[in-house]
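*Asks:* A single structure is presented below for examination.
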Amino acid sequence: MKIAPFRASLAAAVLITAAWLAAPVSAQTQPQPAPATPVTAAQPGAIAAPSSAAPTAAAPVAAMPPATTAAVAPASEAAPKAGIAPAMKELSPWVMFMSADIIVKAVMVGLAFASLVTWTVFIAKSIELSIASTKLRSALRKIAEARSLAEAQMALGTKQGILPSFLAAALREARMSAGLSSDAGIKERAALSFAEIVRAEARRIRIGMGFLATIGSTSPFVGLFGTVWGIMNSFIGISKSQTTNLAVVAPGIAEALLATAIGLVAAIPAVIIYNHFSRVTKGYLELVSRASGAAARLLSRDLDRSHGSAHSRAAE
């Protein structure tokens, strides 16, 4: 009877000893919580750690100096911001002009002034050629039925223009050659006076077209100079900043290319307007030649009429 209780007591002691030996091993094999993630006691479902493991988990945090922990937090916050590229600024034409180098600005201003000159010449010459052509056609219609230089002058009145100049030159030559018997000499001298008037009118009507030719031929090269200068400054900025990020180099290159764009804006209309005025001027000068021929015909009639009347008087 005494053996059974002894055996029961011995078995209970063995079980208690085995449980006591197994407790440290299970505590060591359990996963340790991360130092940076504290566990609150009020969290529902949280399992309390053994009292022997608490000092081990808190030891690294306690051993770290306060300054080190304070330095780790800003570094971790600044890490995501380091990978974000700086935002590109607005690249409107006005912003690019204001941000450009002084040389590029001077090129842009000069090209803008050249474009203004082009359109000013276009408007002025269009009005001038239109008025001159209309007046000359009207004058040619008025003298179409005139039989002499005097009648033509009476039909035109006191108006100023290229045709009255031809008539005045013919009358002056006829008056100065009075008494001469050679009609061929009078006509030749009158033709020379007409040629001088035509050349003077051609020079007058072509005033301003030289500006168009110069602007159309030189504006692209001036704009290219501004582009080369701006790109050179952009590469110098790249070497100083030691970066090839587009957000850094794109504004300078865009400002340089804007100079070429303005040069083309100034050159293309200048070339088109110059070609247009070349055709219109050629048509106007043909009208001037018609006026010269009309004045020459009236002079020839007057000469023949004067010789005919002289012969009739001599016959009488």
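*Asks:* For the stretch 252-263, does any single residue satisfy the condition of being of a type outside the set (Phe, Trp, Tyr), over 28 Å from residue 133 (Cβ atoms) and not in a helix (DSSP H, G or I)?
*Replies:* There is no residue in the stretch 252-263 that is of a type outside the set (Phe, Trp, Tyr), over 28 Å from residue 133 (Cβ atoms) and not in a helix (DSSP H, G or I).
One line per residue, one yes/no per condition, for (1) open to solvent by 50 Å² or more (accessible area, probe 1.4 Å); (2) at pLDDT 90 or above:
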residue: 205; (1), (2): no, yes
residue: 241; (1), (2): yes, no
residue: 245; (1), (2): yes, no
residue: 249; (1), (2): no, no
residue: 279; (1), (2): yes, yes
residue: 293; (1), (2): no, yes
residue: 312; (1), (2): yes, no
residue: 316; (1), (2): yes, no
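*Asks:* Ok, one more. Among (1) modelled with pLDDT of 90 or more; (2) over 45 Å from the mean Cα position of the chain (by Cα), there is one condition residue 156 misses while meeting the rest; what is its number?
*Replies:* Going through (1) modelled with pLDDT of 90 or more; (2) over 45 Å from the mean Cα position of the chain (by Cα) one by one, residue 156 breaks only (1).
*Asks:* Listed residues 139, 170; which is within 21 Å of residue 306 (Cβ to Cβ) and either among the charged types (D, E, K, R) or in contact (Cβ under 8 Å) with a residue 12 or more places away in the chain (or both)?
*Replies:* It is 170.
*Asks:* Next up: Please verify whether the stretch 174-181 includes one or more residues that are open to solvent by less than 80 Å² (accessible area, probe 1.4 Å) and in a helix (DSSP H, G or I).
*Replies:* yes
*Asks:* Could you go through the stretch 85-98 and let me know if any residue there is open to solvent by less than 50 Å² (accessible area, probe 1.4 Å) and modelled with pLDDT of 80 or more.
*Replies:* No, the stretch 85-98 has no match at all.
*Asks:* So, in the stretch 124-152, exactly how many residues are open to solvent by 10 Å² or more (accessible area, probe 1.4 Å) and more than 28 Å from residue 280 (Cα to Cα)?
*Replies:* 5
*Asks:* When the stretch 153-164 is examined, which residues are found to be over 17 Å from residue 128 (Cα atoms) and either part of a loop (DSSP other than H, G, I, E, B) or open to solvent by 50 Å² or more (accessible area, probe 1.4 Å) (or both)?
*Replies:* Going through the stretch 153-164, the residues over 17 Å from residue 128 (Cα atoms) turn out to be 153-158, 164.
Result: 153, 154, 157, 158.
*Asks:* Looking only at the stretch 252-288, which residues are within 25 Å of the chain's Cα centre (by Cα) and free of Cβ contacts under 8 Å to residues at least 60 places away in the same chain?
*Replies:* 252, 253, 257, 260, 261, 264, 267, 268, 271, 272, 275, 276
The values are calculated or read from the model by the stated rules, or taken from the named source; none is laboratory data. In this text, all values refer to a predicted model and were calculated from it rather than measured experimentally. Glycine also receives a Cβ, built like all others from the backbone with ideal geometry; neighbour counts cover every protein chain displayed. The area values use the complete protein model at the heavy-atom level, side chains included, leaving out ligands, DNA and RNA. Shrake-Rupley method; radii C 1.70, N 1.55, O 1.52, S 1.80 Å.
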